[in-house]
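Since the structure comes first, as structure tokens, the remarks are kept for the end.
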Amino acid sequence: MISVLDEKLWFPKVENALDDGLLAMGGDLCPERLLLAYSRGIFPWYDGEVPLWWSPDPRFVLYPEKIKISKSMRQVLKQQVFEYRYNAAFEDVLNGCAYAERKEAGTWINPSVIKSFIRLHKLGYAVSAEAFFENALVGGLYGILMGKVFFGESMFSKKANASKFAFITLTEQLKNAGIVIIDCQVYSNHLKTLGAEFISRKKFIEIITENAGVQNRL
């Protein structure tokens with residue numbers, strides 16, 4: 001049975017989630033609720049008016065030290081095709097992700113989500129990584145940085161390899177900053193090729209409980 005959230009800041013135990021990971025519905029997207037959710041291995045994802053909250057098992061993650069870089073991407077990095085910037089164009093990245101062309105119709109990044117993540121950005125939790133080409137933003141990604149954990153949210157690309165470049169470069173930056181795990185949430189072949197893997201929800205929550213308690217400002 002799915003829990004229905006109210007104005008109080010709470011979530012049911014993740015063990016109550018359905019087989020597909022759906023845990024609860026309702027509530028709002030205030031910073032306090034979002035940070036509570038992420039700290040407990042829960043994230044919002046929906047395409048209607050009512051927020052849906054998820055905690056899938058297993059969880060798709062990337063350990064920064066395990067990232068895989070193909071020969072072609074090594075050439076892109078070596079040739080410095082793109083310029084990397086960190087947290088320099090957060091709102092542009094957010095909108096780029098919201099309006100990116102996708103195989104599936106629609107987007108969960110609606111105006112309420114955009115407003116909420118801008119608030120988290122101003123609080124220092126939501127960050128972005130960008131790829132620029134000829135001084136124009138052509139790709140990037142954003143997510144939540146809490147302690148030694150990066151919770152990835154979405155990425156977009158207007159030029160081949162742009163988002164992959166931003167992700168690889170960010171991962172190296174996160175590794176150097178001591179980040180222990182990148183949450184990719186759910187499976188994608190794109191991230192699998194970069195080294196992402198499944199781990200149990202139990203193990204994931206153990207990792208974030210130990211490492212996501214203190215904010216880490218890069």
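We did not get these values from a lab; they are worked out from the coordinates using the rules stated. Remember, predicted model here, so these are calculated numbers, not experimental data. With ideal geometry, Cβ positions are generated from the backbone for all residues, glycine too; neighbour counts draw on all protein chains shown.
Counted over the chain with a bin width of 10 Å, the fraction of Cα pairs per bin, in whole percents, is 8, 34, 39, 16, 2, 0.
Roughly speaking, what is the stretch gain from K71 to D47, that is 0.36 nm per residue apart minus the C-alpha to C-alpha distance, in nm to one decimal? Before the final figure, lay out the partial values.
Numbers: separation 24, 0.36 × 24 = 8.64 nm, distance 3.71 nm.
Gain on extension, K71 to D47, equals 4.9 nm.
Comparing I199, I182, I168 in a Gaussian network model of the chain (Cα springs below 10 Å), the most mobile by mean-square fluctuation is I199.
Distance between the pseudo-spin-label points of E197 and W108 (7 Å out from Cα toward the beta carbon): 2.5 nm.
Report the gain in length on full extension from L123 to H190: 0.36 nm times residue separation, minus Cα-Cα distance, nm rounded to one decimal. Kindly include the intermediate steps, with their values, before the conclusion.
Details: separation 67, 0.36 × 67 = 24.12 nm, distance 3.01 nm.
Separation in residues times 0.36 nm, less the Cα-Cα distance, equals 21.1 nm.
The range 118-133 and the range 152-195 have their alpha-carbon centroids 14 Å apart. Only lysines eight or more places from K202 in sequence, or on another chain, were considered; those with a Cα closer than 20 Å are K13, K148.
Taking label points 7 Å from Cα along the Cα-to-Cβ direction, N176 and K115 give a separation of 3.8 nm.
Please tell me which of these pairs span more than 22 angstrom C-alpha to C-alpha: K71/K164; K159/K192; K78/K122; K66/K122; K78/K164; K78/K159? Too far apart for the 22 Å limit: K78/K122; K66/K122.
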